[in-house]
Amino acid sequence: MRVLLTYGWCRTAYVAAESLARAGWEVYVCDFTPLSMTRVSRFVRGFDFVPHPFKEPEQYVTELAAIAKRRQIDVLLPVHEDSLPIQTYRDRLPENLIIACPSRNDLLRVMDKYEIIKIAESAKVAVPKTLTPAVFPK
């Protein structure tokens, strides 16, 4: 199977690339910067430049779709918060492409750090006392 990892400069992508390649996956990586360390990994079969996911989210996902088709990618694995534009414009990606990340609504919920604290507290997980800027005394 072929997998495309996003955000190749991130150490998470580097570790994922190695782990997936050792498990027998054919790994490809993309990023908006040539400084991507995963780009030069011996575990990666190919690298593609893409638009910046936060400055040009629609173009980013459109380019991911083109890469997925060209390289016959089976699984798209976002390794950073670029998963949000991917899920926002998911309809631009090939139908048969597996996108290994939560839904857009779940992403919005867990990307809010204070929301994570509230979820943890409701599950009786010990968390540090946390305040939001709105509740700081004047």
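The values are calculated or read from the model by the stated rules, or taken from the named source; none is laboratory data. Everything numeric in this text was worked out from a predicted model, so none of it was measured. Here the Cβ positions follow ideal geometry from the backbone for every residue, glycine too, while neighbour counts run over all protein chains shown.
The number of residues in the range 68-105 being part of a helix (DSSP H, G or I) and closer than 14 Å to Tyr7 by Cα comes to 4. The condition (being among the hydroxyl-bearing types (Ser, Thr, Tyr), closer than 15 Å to Val79 by Cα and in contact with a Pro (Cβ under 8 Å, 6 or more places away or on another chain)) is satisfied by just one residue among Tyr28, Tyr60, Tyr14: Tyr60. Each residue in the range 9-40 was checked for being at pLDDT below 95 and in a loop (DSSP other than H, G, I, E, B), and 6 of them qualify. Residue count for the range 58-98, restricted to those that are of a type in the set (Ser, Thr, Tyr) and in contact with a Gly (Cβ under 8 Å, 6 or more places away or on another chain): 0. Is it the case that the range 107-121 has a residue that's in a helix (DSSP H, G or I), free of Cβ contacts under 8 Å to residues at least 24 places away in the same chain and of a type in the set (Ser, Thr, Tyr)? There is at least one residue in the range 107-121 that is in a helix (DSSP H, G or I), free of Cβ contacts under 8 Å to residues at least 24 places away in the same chain and of a type in the set (Ser, Thr, Tyr). Sort out which residues of the range 50-83 are closer than 14 Å to Cys101 by Cα and surrounded by 19 or more Cβ atoms within 10 Å (Cβ to Cβ), and write them in order of number. Within the range 50-83, Leu76, Leu77, Pro78, Val79, Asp82, Ser83 meet the criteria. Among the residues of the range 1-30, those that are small (Gly, Ala, Ser) and surrounded by 15 or more Cβ atoms within 10 Å (Cβ to Cβ) comprise Gly8, Ala13, Ala16, Ala17, Ala21. Among the candidates Lys129, Lys55, Lys113, single out the residue that is out of contact with any Gly (no Cβ under 6 Å at 6 or more places or on another chain) and in the same structural domain as Ala13 (by TED's automatic domain parsing). The unique qualifying residue is Lys55.
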